[in-house]
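Heads up, the thing below is written out as structure tokens.
Every read-out reported here was derived from the displayed coordinates using simple, explicitly stated rules and does not represent laboratory data. Only a predicted model underlies this, so the values are computations on that prediction, with no experimental measurement involved. Because the Cβ atoms are built from the backbone with ideal geometry, glycine has one as well, and the counts that use them run over all protein chains shown.
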Amino acid sequence: MILKVYQKYLIKEFILITLRITFIFLVLGLIMGLLEELNFFSDIDVEYFYPIYLVLLNVPSLIYEVFPFIFLLSSQFLFIKLLDSGELNALKNNGLNNIKILKLISLLSFIIGIFIIFIFYNLAAVMKFQYLDIKKDFTKDNKYLATITENGLWIKDEINDQINFVNASRFAMNTLNKVDIIQLNEKFEFQKNIKAEKIDIKENNWSLYNVKIINNDNKIETLDSMNFYSNFNYEEINNLFSNLSSLTLWNLIELKKNYISINYSTTEIDYHLHRMVAYPFLITTITLLSAILMLNLKFQRPKLFFIVLGILLSVIIYYINFFFGAMGKNEKIPLFVSTWTPILTLTIISIIGMIRINEK
């Protein structure tokens with residue numbers, strides 16, 4: 001497809017403005033992140049470059065989260081520039097109407113959105129994983145680990161100089177099923193193997209049912225029930241798997257398979273995947289809505305007014321998304337509805353606005 005001169009110009013201007021605003025957010029993210037990491041390492045003796053390195057690893061995932069608002073501001077500043085320079089009137093005098101401009105920047109936003117999902121997001125996820133992997137070595141609870149694989153839920157837990165490795169075939173609400181607990185001493189010498197058909201993990205003091213204990217001398221003891229203290233409970237385990245921003249698209253799909261294999265809820269992953277699919281559409285709709293708003297306002301207002309307007313609109317969109325997202329993750333409404341209702345609402349508002357500006 002051969003682009004016309006005005007298309008090349010608008011594309012170039014929109015991309016340049018987006019890059020400038022992204023750079024501003026990047027600098028703000030680096031400053032805020034550096035302050036946070038310096039505070040984290042204030043009582044830890046590490047090399048000077050550690051906080052800087054961790055900030056660089058973490059900031060791409062932060063930029064990913066604010067990209068929709070970057071595009072909103074970019075759309076605003078594009079039209080401010082076109083109006084201040086008189087270029088918008090010049091384009092209209094040469095037969096170019098508002099609808100054609102909106103179509104161009106909307107299509108461009110959608111294409112960039114796809115690039116963000118398949119390239120930028122996955123790169124940011126890899127860096128976020130490295131960030132979390134490095135930082136956990138400096139946390140006080142790094143000896144308490146949990147992960148989900150195709151072989152079930154695995155937990156490493158250290159209590160009173162004992163190391164417990166817990167493997168559960170099924171993980172449901174407040175419950176583990178078909179569980180093996182291998183206890184080792186601090187020298188990693190085998191102590192006992194505890195097998196349980198079911199464990200209530202609502203509290204840290206677990207309740208085990210239909211228990212078989214195999215000691216290091218191969219003696220077997222059978223119990224109807226027993227208690228077992230752990231650093232983990234259901235809520236704490238569940239929270240460990242709520243940070244999905246460190247997983248690439250392919251990791252998320254693989255993790256979902258593992259969740260299904262142990263009967264663990266995939267709601268968080270499904271919501272995250274829904275958001276990724278909707279991401280280019282969200283960016284496009286926000287860009288379009290911002291452009292329509294600018295074309296329907298009087299441009300004699302100071303630039304500060306439009307900046308404040310953009311921030312206010314960003315906050316409103318954020319809380320609408322947050323509200324519907326929380327409803328979806330709590331399974332009050334279907335995930336499809338929670339993800340797409342805000343986008344559909346913004347699209348309807350944009351269509352109404354397009355009808356108005358088509359007459360201008």
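General observations
- Nearest 10 degrees, 0 to 90: helix 121-135 Cα axis against the chain principal axis: 40
- Listing TRP206, TRP250, TRP340, TRP154 from fewest to most neighbouring C-beta atoms within 10 Å gives TRP250, TRP154, TRP340, TRP206.
- On Cα atoms only, tilt of 98-115 relative to the major axis of the chain in degrees: 20
- Spin-label pair GLU186-LYS8: with each label point 7 Å from Cα along the Cα-Cβ axis, the two points sit 7.2 nm from one another.
- Modelled FRET efficiency - R0 25 Å, ILE349 with LEU83, Cβ distances, 0.05 increments: 0.70
- Rounded to the nearest whole Hz, the Karplus-based 3J(HN,Hα) values (6.51 cos²θ - 1.76 cosθ + 1.60, θ = phi - 60°) of the range 339-344 follow the sequence 7, 9, 4, x, 5, 5, with x at glycine and proline.
- Net charge dipole size for the range 135-233 [Lys, Arg +1 and Asp, Glu -1 on Cβ; Debye, nearest 20]: 220
- Backbone amide hydrogens, once placed in the peptide plane, bring ILE159 within less than 5 Å of ASN164, excluding anything fewer than 5 places away on its chain.
- Average Cα contact separation per residue, the range 145-231, under 8 Å, 6 or more apart, as relative contact order %: 19
- Around the Cα centre of the chain, unit charges on the Cβ atoms of Lys, Arg, Asp and Glu (plus for the first two, minus for the last two) sum to a dipole of about 2200 debye.
- Candidates SER169, ILE182, ASN218 compared by Cα position along the dipole of the range 166-218: farthest toward the positive end lies SER169, with charges placed on Cβ.
- Folded to 0 to 90 degrees: helix 5-40 orientation relative to the chain principal axis, Cα: 40
- Full-extension gain in nm, MET226 to THR248, via 0.36 nm per residue minus C-alpha separation: 3.9 nm
- A Stokes-Einstein calculation at 10 °C with viscosity 1.306 mPa s, built on the Kirkwood radius of the chain over Cα pairs, returns a diffusion coefficient of 66 µm²/s.
- Cα-Cα over 32 Å, subset of LYS136/LYS195; LYS187/LYS212; LYS4/LYS128; LYS257/LYS332; LYS187/LYS329; LYS212/LYS329: LYS4/LYS128; LYS187/LYS329; LYS212/LYS329
- Projected label distance in nm at ILE114 and LYS257, using a 7 Å step from Cα toward the beta-carbon: 2.6
- Under 5 Å, built H, 5+ apart or other chain: amide partners of TRP206: PHE228, TYR229, SER230
- 16 Å reach of a label modelled at ASN151, 7 Å along Cα-to-Cβ, counting backbone N of the range 218-255: none
- Relative contact order computed over the chain (Cα-Cα under 8 Å; 6+ residues apart), in percent: 17
- Computed lengthening from LEU30 to ILE52, 0.36 nm per intervening residue step minus Cα-Cα distance: 7.1 nm
- In the chain, a dipole from Cβ-located charges (positive for Lys and Arg, negative for Asp and Glu) runs towards its positive end, and of VAL5, PRO68, TYR279 it is VAL5 whose Cα lies farthest in that direction.
- Zero-based 5 Å bins, Cα pair distances in the range 145-231, whole percents: 3, 14, 25, 28, 20, 8, 1, 0
- Added length on full extension, which subtracts the Cα-Cα distance from 0.36 nm per residue, VAL337 to PHE305: 8.2 nm
- In order along the range 269-277, the phi-based Karplus estimate (6.51 cos²θ - 1.76 cosθ + 1.60, θ = phi - 60°) of 3J(HN,Hα) comes to 5, 4, 5, 4, 5, 4, 4, 5, 5 Hz; Gly and Pro are listed as x.
- Cα lying deepest toward the dipole's positive end in the chain, options ILE99, PHE14, ILE194, charges on Cβ: ILE99
- Using a Förster distance of 45 Å, the FRET efficiency for THR267-ASP43 (Cβ separation, nearest 0.05): 0.75
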